[in-house]
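Coordinate-derived values only; no laboratory data. Bear in mind that the values here come from a model prediction, so they are computed numbers and not experimental data. Note that each Cβ is placed from the backbone with ideal geometry, even for glycine, and that neighbours are counted across all protein chains shown.
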Amino acid sequence: MSMSRCQLVHIPIAPTPPVKGHCEKKVHFEVSLSVTEGRVHLDMRQAGGKDPAFIAIEADCEVVVELKGDQLFFSKEYDAITMKGDYAAYYGGLVYDDYDRKKDRYRIVRFHALFNRGGKLGTSHPFNINVDLHQPGSKLEWIPISIDPDIKNPPPWPV
């Protein structure tokens with residue numbers, strides 16, 4: 001039996017921010033992996049968010065995505081954040097932060113989001129968080145993983 005693989009869509013985020021000037025509002029989104037009773041658990045959550053299943057954009061803002069834990073780093077092969085559609089009008093200006101010299105990889109990225117004023121509540125903008133799982137001492141030391149949460153812009157509640 002062979003394993004089938006679907007082709008993921010990886011559209012680079014726009015190089016320039018869609019928001020002019022400095023964004024005061026920040027949206028912080030954390031991603032971690034843990035093991036509980038022998039099962040791997042992926043945890044994604046927006047700090048102070050109403051729903052952990054997605055990133056809610058309630059105003060023009062800077063989105064900060066942070067990887068937690070000793071084994072998660074942003075991908076060397078792909079941009080840390082890629083979109084599954086053409087959302088260049090809403091997201092751009094990807095910046096890397098928290099560089100680990102020993103692993104030659106990053107743990108934090110930031111990008112700007114333009115609020116979808118007048119958009120239908122709960123509009124989904126699917127994207128990928130591209131990471132490498134570090135497994136030192138194993139045959140495959142770095143395992144690439146694409147995590148696919150959504151951005152809701154605007155969120156499913158009135159802003």
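Quick notes
- Meets criteria (in a loop (DSSP other than H, G, I, E, B) and farther than 16 Å from SER124 by Cβ) for GLY85: no
So that you can scan it fast, the table gives a plain yes or no per residue for (1) of a type in the set (Phe, Trp, Tyr); (2) out of contact with any Lys or Arg (no Cβ under 8 Å at 6 or more places or on another chain); (3) closer than 14 Å to GLU30 by Cβ:
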position: GLU62; (1), (2), (3): no, no, no
position: VAL65; (1), (2), (3): no, no, yes
position: LEU72; (1), (2), (3): no, no, yes
position: ASP79; (1), (2), (3): no, yes, no
position: THR82; (1), (2), (3): no, yes, no
position: GLY85; (1), (2), (3): no, yes, no
position: ALA88; (1), (2), (3): no, yes, no
position: TYR91; (1), (2), (3): yes, yes, no
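Per-residue answers, yes or no, for (1) assigned to a strand (DSSP E or B); (2) surrounded by fewer than 17 Cβ atoms within 10 Å (Cβ to Cβ); (3) of a type in the set (Asp, Glu):
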site	(1), (2), (3)
PHE29	yes, no, no
VAL35	yes, yes, no
GLY48	no, yes, no
PRO52	no, yes, no
ALA59	no, yes, no
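- On inspection, TYR106 qualifies as closer than 14 Å to ILE129 by Cα and without any contact (Cβ under 8 Å) to a residue 60 or more places away in the chain.
- Pick from region 123-156, criterion part of a loop (DSSP other than H, G, I, E, B) and among the acidic types (Asp, Glu), ranking: nearest to GLU66 (Cα to Cα): ASP148
- In region 79-88, the condition of being over 17 Å from SER146 (Cβ atoms) and in contact with a strand residue (DSSP E or B) (Cβ under 9 Å, 6 or more places away or on another chain) is met by at least one residue.
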